[in-house]
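Reviewing the structure listed below.
The values are calculated or read from the model by the stated rules, or taken from the named source; none is laboratory data. Only a predicted model underlies this, so the values are computations on that prediction, with no experimental measurement involved. Ideal geometry is used to build each Cβ from the backbone, glycine not excepted, and the neighbour counts take in all protein chains shown. We work out accessible area using only protein heavy atoms, side chains counted, and drop any ligands, DNA or RNA first. Shrake-Rupley method; radii C 1.70, N 1.55, O 1.52, S 1.80 Å.
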Amino acid sequence: MYSTQSVLMLLLVSHVKNLVLAAHSNINHNSIKTDTQSIQHYLQTHDMESLFQALDRRFRESERNLNPLLRNEPLSKRKIQRGGGLSYTSQYKLKADLEQAQYLASSNDVELSLEVKELLQEKIIPIYENVLKRIPPLEDLVHGGLYQFQEADLALGIDKYYNRAIHVTSTNSGNEDAQTCTAGLLNPELNITKIQEDWLKGGLDYGETEGGIVVLDDVLSKEAFRKIRKILLESTVFYQTKLPKQFGGYAGAYLDDGLHDRLLLELSQELRNALPTIFKEHALKYLWAYKYDSNYDGINLHADEAAVNVNIWLTPDDANLDPHTGGLVIFSKKPPADWSLGQYNGNTSFVRKELLEPTGFANVTVPFRANRAVIFDSALFHQSDTFHFRKGYENRRINLTILYGNMQRLE
């Protein structure tokens, strides 16, 4: 049995080893700046290696680090406000974290040190189970359904482990397996010419819309699909809980808060390079992934502040109990040029009444399929379709979203 102090010391040794490995790479890490302005520069110039180094350093030095000795950067107000704080949770979020911890501790497919596995089994899983029992029913909670950790929870040590980077599956080590995986992430049999021709039709294959829509089946190579799914299943970087009384039940992981594996950054650029008619000069703007609880709704009606949206589904088809649903509903309308963000994303009933109802709620509904990508104009209003997935952690609906450029509204 290992004490928490022993595990933290082993993690510190591992961190030092990583720094030594980094010193032998081709990038001069001392020249990489980690401030927000520099990160935006790396995004705009498509400098994915510098972007990775900056994000990785910030993440390792943040409050997410399991070892308090290595935390040099407090969580930003933005990350806390969007649901990624350390002092509160929701019932569905902690349930998802518990299921993930149990999966990590029991799966033979996860490469875990004995120390971390015992930490999961002896500390984290029992703590999560006990705190989960204390969370009142949703109808009894205030603050949109969030649960603030109580003194009894803190006495158990929930604050040491909740929303920390307990384990991060990485393709960033430079080993042969990682290098092989990045040698072509897209399916080589994709019909690039037809995809771009369909985009130029402006979504007319699906009815008249105000922006392009294309659907790509088997978008990733089999190996890339396996690797990306592995990252999302295993990495404890899904820190965001939504307000379950208002926004449904899905946990979020974000580019600037742990979801920055080189494989994902490489995918964002491979898509841009393969489909220049669609992506033009648009730079990577942001990316995230969501894991859903089938007892709740998915994402509400909204439009994204970007030019192009790529949505990829990463759960096997046999998890989906209704193959006709589970995907995405994309409506035919964009926000008018004179509408504010608050108007089009803060008041969905207003959008439905003023924009969607006059069209008869015209939409394109794309059913869920594993390894299917939907690429569309981000300004088109969209929402999750209804979904019913099997119970069990590995059956959770997972999507990866990649955004490019700035919103292109109608004049």
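Rounding to the nearest 20 debye, state how big the charge dipole of the range 225-318 is about its Cα centre with +1 on each Lys and Arg Cβ and -1 on each Asp and Glu Cβ. Each step should come with its number before you reach the end.
Values: 11 positive and 13 negative charges, 21 e Å.
It works out to roughly 100 debye.
Could you give the radius of gyration (one decimal) and Dmax (whole number) of the Cα atoms in the chain, in Å?
So, for the chain, Rg and Dmax equal 21.3, 65 Å respectively.
The range 194-278: which GluC sites (Glu not before Pro) are DSSP loop and have at most 14 other beta-carbon atoms within 10 angstrom?
208
Hey, which of these cross-link pairs are over 29 Å Cα-Cα: 133/245; 93/280; 201/230; 33/245? Display every interim value, and only then the final one.
Working: 133/245 19 Å; 93/280 37 Å; 201/230 36 Å; 33/245 40 Å.
Check vs 29 Å cut-off fails for 93/280; 201/230; 33/245.
Across the range 127-141, in residue order, what do the Karplus-derived ³J(HN,Hα) couplings come to in whole Hz, using 6.51 cos²θ - 1.76 cosθ + 1.60 with θ = phi - 60° and x for Gly and Pro?
Coupling constants for the range 127-141: 5, 4, 4, 5, 5, 4, 5, 7, 5, x, x, 3, 5, 8, 9 Hz.
Roll a 1.4 angstrom probe over the protein heavy atoms and tell me the percent of accessible area of the chain that is carbon or sulfur. Please report the intermediate quantities before stating the final value.
Working: 9430 of 18860 Å².
Whole-percent figure for carbon plus sulfur exposure: 50.
Farthest toward the dipole's positive end in the chain, which of 231, 110, 62, given Cβ charges of +1 (Lys, Arg) and -1 (Asp, Glu) about the Cα centre?
Final value for the positive-end residue is 62.
Give, rounded to the nearest 20 debye, the magnitude of the charge dipole that the chain has about its Cα centre when Lys and Arg contribute +1 at Cβ and Asp and Glu contribute -1 at Cβ. Please list the in-between numbers first.
Values: 44 positive and 52 negative charges, 142 e Å.
So the dipole magnitude of the chain works out to roughly 680 debye.
With every protein chain kept in place and ligands, DNA and RNA left out, what is the accessible area per residue of the range 222-331? Probe 1.4 Å, answer in Å². Walk me through the intermediate numbers first.
Values: 3360 Å² over 110 residues.
For the range 222-331, the per-residue accessible area is 31 Å².
How large is the charge dipole for the range 35-174, taken about the Cα centre, if only the Cβ atoms of Lys, Arg (+1) and Asp, Glu (-1) carry charge, to the nearest 20 debye? Please list the in-between numbers first.
Working: 17 positive and 20 negative charges, 71 e Å.
Using only the charged Cβ atoms, the result is roughly 340 debye.
For the chain, what does the relative contact order come out to in percent, with C-alpha contacts under 8 Å and a separation of six or more? Walk me through the intermediate numbers first.
Working: 712 pairs, mean separation 74.0, N = 411.
Taking the mean separation of contacting Cα pairs over the length of the chain, I get 18 percent.
Per DSSP H run of at least 4 residues, take -39500 (n - 2.57); add these up for the chain, divide by its residues and hand me the 222 nm value, nearest 500 deg cm²/dmol. The partial results should precede the final answer.
On the way: 16 runs with 143 residues, N = 411.
Taking each H run of at least 4 residues, the total per residue is -10000 deg cm²/dmol.
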